[in-house]
Amino acid sequence: MRLRTSPAKLLVLVALCLVVLVELRTALAFVGVSLSIGATVAVGVAAIAALLLWAVRPAGSGE
Amino acid sequence: MPNGATFADAYPTQARHIRAAFWASFLSLGVGAFFGLIQALHRTDILRVIESQTYYTVLTAHGVFLVISFTIFFLVGVFQWAVTDSLERPPVDMRFTWGWYGLMSLGASLTAFAILAGFTDSIDVRANVLFTFYAPLQAHPLFYVGLVVFVVGTWLAGADWFRSWLAWKGDNPGERIPLPTFMVLTTMIMWYISSIGVAVAILAFILPWSLELTGSLNPTLTRTLFWYFGHPVVYFWLLPAYLLWYILLPKLAGGRLFSDPLARVVFILFVLLSTPVGIHHQYLDPGISEGFKFIAMTNTMFLLLPSLLTAFTIIASMEHGARQRGGEGYFNWLTALPWRDPAFTGMALAGMVFAFGGFTGIVNAGMNINYLVHNTLWVPGHIHTQVGTAAALTFMAGAYWLVPQLTGNRLVGRGLALVQVVLWFVGIVFMTNSMYRGGLVGIPRRTAEPQYEGFEYEVAAGSVGELNAQLAIGGTILFVSAMLFLALMVLTAFNGGTEPIDDGSIPPALSGPEDSPAVLDNLKLWVAIAAVLVVIAYSFPLASIVSRGGLFGPDIGPIPVAIDAASTVARTALEAVSAVVR
Ligand code: HEM
Ligand SMILES: [Cu+2]
């Protein structure tokens, strides 16, 4: 399986996703938008899944 | 140093000494992290393996092992490496070098003993005073003696580096101080100026008092002396991380440092500005006038400047490196950085967390808004993003590059090392986000049981339960990450018969020392200006504290004692009379 990016970069990107998620939830709360834990986890799973899908999608298809 | 040779090849004895400092540091990290885990699980009531009364013994150990022992042992190792490598000469007398290491180890052991003895009743020694040891909390004298011996060890270390530099200067008249050595010397100047404060606090007041030579002390005075040292000490932790960011990170990114002169300016600004600000830790202390606090706040805001300069220089150097490696575009160059390299990635992530934590520091520093977060969990949140990550994660990442140079062995588990630094990044964000949010709704720090009957914190988004879970998960991830780091270090130390991937050479800066004004290297001038600033910032506050509370406290003289005794007698008499009348 060929990745569109290196495993190392993917690892860092997944970590960044988690971090942004945690901080974004806080920032949203400050402007009166409160995400429940369930919703936060759902957004996180979706974002990371999308990231992984993008990574494993064979290079050259699309774009 | 000959090309392609590791530091260990070129300076075997010195490498052994630096390794000894690193092992002392790593041991402290392991013990400290273990206590951190206990705290994280205890405070959140998830798992309580200790009695709540023991919490302060644990917390004292966590603070002292991590911010005194782990950080300082590591940084003296880094500084020794930086000086030897950049001056291309060993210390003048290796016995002296081992001597200060021995003093530091002795001091650390005494203090560690005094703290850890608190876990058992069979030894009558205790030091549950937290790493700030505010009077009137009192520890066993060994605790203070150990701290003093440790600090004296660091002073001699500094003297050793100055001595190496002077010897080098004799052989290289008229040459600019090599940048790494310049950074070490300026940092040590700051350390000398500031650690005097804590030395006076301990030797003149706290130690005699704990030995019962003096009956009393002035807590405001000892606190002020502590914070006179307490703010610069954070730069003592941070500047070695800066050194690694300036010296190592550009190289790891595949490029060269953007500007040597800017780096020198930054370190000088720290010499000048890091001491006259300590009162910003005392915004809520009674007995210090608001005006002095306001001055400390203003000075503190100026301190943002060198950190912003650093952010600029480091990112510019990284971009330069990335473009050397073929990176292109406005942001695409980021993908050309060596993310596979745990040393690079760890430092880059540490820098990111540092920037974020810096903004929370502005909240701490603002006098009015500080009242909102003072003594809440927000503050440990800040501590863990700054010393607990900007410094600690940079040190761990730096070790992935340095330890192979110091042992001549290849790093074991490069991939795992990458996972380790990423875990720390995620763990710290989980834990500190919870701490910051908890602090904003008033959850106190330094408490084993922060939950109260009949009262609920109003958390924005979520609940205290969620915050607790997040803190515990983050803390556990951090603990796992720390253990992984230590395991990789031990394995690397035993990985004989291999060679490091990288040669130890450091490329010169793009804009080199020849572009920086010679006055920057005039260390005497900067010492003089720094001293003047300190006198301006501290003489009035100290004088007013002493005139208000007395050098040895408000209740030392015979008059207050008499009044006290008289009022006690009067009160008892009144009570007796009223009881009879009723
Ligand atoms: C293994 C990872 C760590 C965990 C789980 C952890 C956990 C904690 C917790 C929960 C507290 C708050 C205690 C309270 O106020 O009741 C705390 C305080 C603190 N931590 Fe950590 N920590 C870790 C690593 C570090 C590191 C690496 C450093 C510094 C290099 C550090 C420095 C401190 C300091 C200075 C305090 C404040 C101590 C005090 O209030 O006296 N911690 N830690
Ligand atoms: Cu400070």
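The values are calculated or read from the model by the stated rules, or taken from the named source; none is laboratory data. If you're wondering where the values come from, they're calculated on a predicted model, not measured in any experiment. For neighbour counting, all protein chains shown are included, and Cβ atoms are generated from backbone atoms with ideal geometry for every residue, glycine included. When the accessible area is computed, the model is the full protein with side chains, heavy atoms only, and any ligands, DNA or RNA have been set aside. Shrake-Rupley method; radii C 1.70, N 1.55, O 1.52, S 1.80 Å.
Against the definition (open to solvent by 10 Å² or more (accessible area, probe 1.4 Å) and closer than 25 Å to B:GLY512 by Cα), how does B:GLY287 come out, yes or no?
Considered against the rule, which asks whether it is open to solvent by 10 Å² or more (accessible area, probe 1.4 Å) and closer than 25 Å to B:GLY512 by Cα, B:GLY287 comes out as no.
Do you know which residues across the stretch B:373-383 are more than 14 Å from chain A (Cβ to nearest Cβ) and not in a loop (DSSP other than H, G, I, E, B)?
Once the filter is applied, which keeps residues that are more than 14 Å from chain A (Cβ to nearest Cβ) and not in a loop (DSSP other than H, G, I, E, B), the stretch B:373-383 yields B:VAL373, B:THR376, B:VAL379, B:PRO380, B:HIS382, B:ILE383.
Within the stretch B:87-104, restricting attention to residues that are under 24 Å from the mean Cα position of the chain (by Cα) and open to solvent by less than 30 Å² (accessible area, probe 1.4 Å), which residue is farthest from ligand 1 (Cβ to nearest atom)?
In this case the residue turns out to be B:THR97.
Taking helices (runs of 4 or more DSSP H) that fall entirely within the stretch B:209-277, which contain at least 1 residues that are open to solvent by less than 10 Å² (accessible area, probe 1.4 Å) and within 16 Å of ligand 1 (Cβ to nearest atom)?
Helices (runs of 4 or more DSSP H) meeting the threshold: B:219-247.
Take the stretch A:8-24 and flag every residue that is at the interface with chain B (Cβ under 8 Å from one of its Cβ atoms) and open to solvent by 50 Å² or more (accessible area, probe 1.4 Å).
A:LYS9, A:LEU11, A:LEU18
Listed residues B:ALA296, B:ALA311; which is buried (at least 21 other Cβ atoms within 10 Å of the Cβ) and touching a helix residue (DSSP H, G or I) at 6+ places or on another chain (Cβ under 9 Å)?
None of the others qualify; the one that does is B:ALA296.
Looking at B:LEU27, B:LEU37, can you tell me which residue is within 12 Å of ligand 1 (Cβ to nearest atom) and either under 20 Å from B:GLY388 (Cα atoms) or not hydroxyl-bearing (Ser, Thr, Tyr) (or both)?
B:LEU37
List every residue pair whose Cβ atoms lie under 7 Å apart, where the two residues are 6 or more positions apart in sequence or sit on different chains, the first residue falls within the stretch B:91-106 and is more than 17 Å from B:ILE72 (Cβ to Cβ), and the second residue, located anywhere, is among the small types (Gly, Ala, Ser).
B:PRO91/B:SER164; B:VAL92/B:SER164; B:VAL92/B:ALA167
Of A:ALA27, A:ALA46, which residue is surrounded by fewer than 16 Cβ atoms within 10 Å (Cβ to Cβ), modelled with pLDDT under 95 and more than 9 Å from chain B (Cβ to nearest Cβ)?
A:ALA27
List the residue pairs whose Cβ atoms are under 6 Å apart, where the first residue sits in the stretch B:220-234 and is more than 17 Å from B:TYR192 (Cα to Cα) and in contact (Cβ under 8 Å) with a residue 60 or more places away in the chain, the second is within 14 Å of ligand 1 (Cβ to nearest atom) and open to solvent by 20 Å² or more (accessible area, probe 1.4 Å), and the two are 6 or more positions apart or on different chains.
Going by the 6 Å Cβ cut-off, the qualifying pairs are B:ARG223/B:TYR134.
If I ask for residues that are more than 16 Å from ligand 2 (Cβ to nearest atom), assigned to a loop (DSSP other than H, G, I, E, B) and surrounded by fewer than 19 Cβ atoms within 10 Å (Cβ to Cβ), which ones from the stretch B:316-367 would you list?
Within the stretch B:316-367, B:ARG325, B:GLY326, B:GLU328, B:GLY329, B:TYR330, B:PHE331, B:PRO338, B:ARG340 qualify.
Could you list all residues from the stretch B:465-515 that are within 14 Å of chain A (Cβ to nearest Cβ), touching a residue at least 60 places away in the same chain (Cβ under 8 Å) and of a type in the set (S, T, N, Q)?
If the condition is that a residue be within 14 Å of chain A (Cβ to nearest Cβ), touching a residue at least 60 places away in the same chain (Cβ under 8 Å) and of a type in the set (S, T, N, Q), then B:ASN468, B:SER481 are the ones that fit.
Kindly check whether there is at least one residue in the stretch B:1-20 that is within 16 Å of ligand 2 (Cβ to nearest atom), surrounded by 17 or more Cβ atoms within 10 Å (Cβ to Cβ) and within 30 Å of B:PRO180 (Cβ to Cβ).
Looking for residues that are within 16 Å of ligand 2 (Cβ to nearest atom), surrounded by 17 or more Cβ atoms within 10 Å (Cβ to Cβ) and within 30 Å of B:PRO180 (Cβ to Cβ), one finds none in the stretch B:1-20, hence no.
Quick one: would you say B:PHE74 is within 16 Å of ligand 1 (Cβ to nearest atom) and either part of a helix (DSSP H, G or I) or closer than 30 Å to B:ARG446 by Cβ (or both)?
So B:PHE74 passes the test.
Among the residues in the stretch B:403-420, are any open to solvent by 40 Å² or more (accessible area, probe 1.4 Å), assigned to a loop (DSSP other than H, G, I, E, B) and either within 16 Å of ligand 2 (Cβ to nearest atom) or of a type outside the set (Val, Ile, Thr) (or both)?
Checked the stretch B:403-420: at least one residue is open to solvent by 40 Å² or more (accessible area, probe 1.4 Å), assigned to a loop (DSSP other than H, G, I, E, B) and either within 16 Å of ligand 2 (Cβ to nearest atom) or of a type outside the set (Val, Ile, Thr) (or both).
Specify the residue that is farthest from B:GLN386 (Cα to Cα); the eligible residues are those in the stretch B:426-457 that are among the aromatic types (Phe, Trp, Tyr) and more than 11 Å from chain A (Cβ to nearest Cβ).
Looking at the filtered set, the residue picked out is B:PHE455.
Out of all the residues in the stretch B:152-175, which are assigned to a helix (DSSP H, G or I) and either among the charged types (D, E, K, R) or in contact with an Asp or Glu (Cβ under 7 Å, 6 or more places away or on another chain) (or both)?
Once the filter is applied, which keeps residues that are assigned to a helix (DSSP H, G or I) and either among the charged types (D, E, K, R) or in contact with an Asp or Glu (Cβ under 7 Å, 6 or more places away or on another chain) (or both), the stretch B:152-175 yields B:ASP160, B:ARG163, B:LYS169, B:ASP171.
Kindly establish whether B:GLY427 is assigned by TED's automatic domain parsing to the domain that holds B:ALA397 and either touching a residue at least 40 places away in the same chain (Cβ under 8 Å) or open to solvent by less than 40 Å² (accessible area, probe 1.4 Å) (or both).
It is true that B:GLY427 is assigned by TED's automatic domain parsing to the domain that holds B:ALA397 and either touching a residue at least 40 places away in the same chain (Cβ under 8 Å) or open to solvent by less than 40 Å² (accessible area, probe 1.4 Å) (or both).
Of (1) within 16 Å of ligand 1 (Cβ to nearest atom); (2) aliphatic (A, V, I, L, M); (3) more than 14 Å from chain A (Cβ to nearest Cβ), B:LEU423 satisfies all except one. Which?
Among (1) within 16 Å of ligand 1 (Cβ to nearest atom); (2) aliphatic (A, V, I, L, M); (3) more than 14 Å from chain A (Cβ to nearest Cβ), B:LEU423 violates only (3).
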